[in-house]
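Structure first, commentary second.
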Amino acid sequence: MQTTFTDDQLKEPGTARANEILRACVHCGFCTATCPTYQVLGDELDSPRGRIYLIKDMLENERVPDEKTVKHIDRCLSCLACMTTCPSGVHYMHLVDHARDYIEQKYKRPFSDRALRWVLARILPYPMRFRVALLGAKIGRPFARFMPDDRLRAMLEMAPKHIPPVSRNDDPQTFAPKATKRMRVALMTGCAQKALNTDINDATIRLLTRLGAEVVVAEGAGCCGALTHHMGKTSESHDTAAKNIRAWAAEMDGGGLDAIVINTSGCGTTVKDYGHMFRNDPLADDAARVAGIARDVSEVLMKLTGGDWSYSEAQPTRELPEKGTVVAYHAACSLQHGQQIKTHPKTLLRKAGFTIVEPADPHLCCGSAGTYNLMQPEISAQLKDRKVKTLEAKNPDIIAAGNIGCMMQIGSAAQTPIVHSVELLDWAWGGPKPPALDGVDRQKDNIPRLR
């Protein structure tokens, strides 16, 4: 694609990077075939190619974003399926993130939009605030139908009926390995996940220590910054990300780290991009070091086991779950597209004794996408319904995913219990049965009981 940025415009790093990305695009349109919003809406401007044209025009002309441009960019899920299918290697993620930052600086949203985004940015990344908000939403759920705004209804309806107690395993500390020590890792405990489901981190710690990893929860680490980053709130996202970089760099320089383990794939995609995010910051070197050892939990488990569950000094304390248990694996977009991890979770689950099935169109998003299901509830609901139908068409006993957002989204409509992949692996390796599998009557309660 030909661009006409001036030399002065290209002095700004974000614009220079956008120029590189735009020039890589050849207008082929392959991305339209895998874009969920284009599939649902059928509008060229709701495809990556259409959004690229809008972004190019906005940035080149340095114009104040108009309502039309903002609407179509806001509708992007950032699922990154377009990047997987693009033959030209267009790094759409960096382009749309820069466009959102530009919009945040130049465009004055309607008051209701500004208020909603302000609330989300100041609640979701903070576990205790989020817990309080969930309690409030739980009280308000019966009145959701009276809310005048679809987004407010979505916020009330997302609240689970049961909010788990705080897990002290998420506090800064070190967990000794249960077998011969093979690596030292830091576990990212996250933010929203700690309020919604404490079982995932607990299972991760049990599994890693059982396989010979010393697990550190670093002092000062918290939200990865993804939620605010994808809203275009760059300053806020960098503030929270910087805390992680300093915390993990201190561990790397102290006891040393072989990996930073992340069990929420949306966070993993962002942490792995810290090097780019901080490329012009004094923290650039430490950010690159952190990004260089950031790993999804499935990557670390593959290294510890080689995908072979017989390889460990920590043998199972009981038999594996019943052979033939059918698990429908949902591939989170941030894992399969953002991190290009497609086989590890399925390999590990098969080795653990489960029968794995996949839905039709596994590349399409479930509609969660961070805060997307709260800010674009109508489109999100259509994507959710499609995803749930394709998963349950396989008649699974369990649905497994690697991202808390997907679990909440799919679990709010599915009749099949949904759990994190690491919970199933922990169960297979001698841990407790995932609480979500303990006979929940999902016909009566369509909100997932995650604990």
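Helix content alone sets the calculated 222 nm mean residue ellipticity of the chain: runs of n ≥ 4 DSSP H residues at -39500 (n - 2.57) each, divided across all residues, give -13500 deg cm²/dmol.
Computed extension gain for ALA16 through LYS106, at 0.36 nm per residue and net of the alpha carbon distance, reaches 30.6 nm. Under 5 Å from the amide H of ALA294 lie the amide H atoms of ILE260, each residue being 5 or more positions distant or on a separate chain, with H modelled from the backbone and absent for Pro and chain starts. How tilted is helix 127-140 with respect to the longest principal axis of the chain? Cα atoms for both, answer in degrees (0 to 90, nearest 10). On a 0 to 90 degree scale, this one is about 90. The mean sequence distance of close C-alpha pairs (under 8 Å, at least 6 residues apart), as a share of the length of the stretch 88-206, puts its relative contact order at 27 percent.
Here the chain has 51 percent of its accessible surface on carbon and sulfur atoms, given a 1.4 Å probe and all protein chains in place. Distance between the modelled labels on ASP281 and ARG182, one decimal in nanometres: 3.4 nm (7 Å Cα→Cβ projection).
Taking other residues whose beta carbon is less than 14 angstrom from the beta carbon of LYS387, and scoring Lys, Arg as +1 and Asp, Glu as -1, yields 0.
Partners of LYS11 within straight-line reach, counting lysines whose Cα lies under 20 Å from its Cα and excluding those fewer than 8 residues away in the same chain: LYS56, LYS106. Cross-link reach is defined here as a Cα-Cα straight distance under 12 Å, omitting same-chain residues fewer than 8 places apart; for LYS161 the aspartates and glutamates meeting it are ASP445. Which log10 I(q)/I(0) values, to two decimals, does the chain give at q = 0.09 Å⁻¹ under the Debye formula with one point per Cα? Values returned for q = 0.09 Å⁻¹ are -0.57.
Normalised per residue, the accessible area of the stretch 16-114 is 43 Å², obtained with a 1.4 Å probe and no contribution from ligands, DNA or RNA. Computed from the Cβ-Cβ distance with R0 of 41 Å, the FRET efficiency linking ALA24 to ASP438 stands at 0.25. Between ILE139 and ASP171, the simple label model (points 7 Å from Cα in the Cβ direction) yields a spacing of 2.8 nm. In plain terms, the chain from LEU41 to ASP57 could stretch by 3.5 nm, reckoned as 0.36 nm per residue minus the Cα-Cα distance.
Extending 7 Å from the Cα toward the beta-carbon at both ASP253 and ASP74 defines two label points whose distance is 4.3 nm. Straight-distance candidates among the aspartates and glutamates for linking to LYS342, with alpha-carbon spacing under 19 Å and chain neighbours fewer than 8 residues away dropped: ASP273, ASP296, GLU299, ASP308, GLU358, ASP361, GLU423. The length gained by stretching the chain between ARG114 and PHE146 to full extension, at 0.36 nm per residue less their Cα-Cα distance, is 9.4 nm.
The values are calculated or read from the model by the stated rules, or taken from the named source; none is laboratory data. This is a predicted model, so every value here is computed, not measured. Cβ atoms come from the backbone with ideal geometry, glycine included; neighbour counts cover every protein chain shown. Remember, those area values only see protein heavy atoms, side chains included, never the ligands or the DNA or RNA. Shrake-Rupley method; radii C 1.70, N 1.55, O 1.52, S 1.80 Å.
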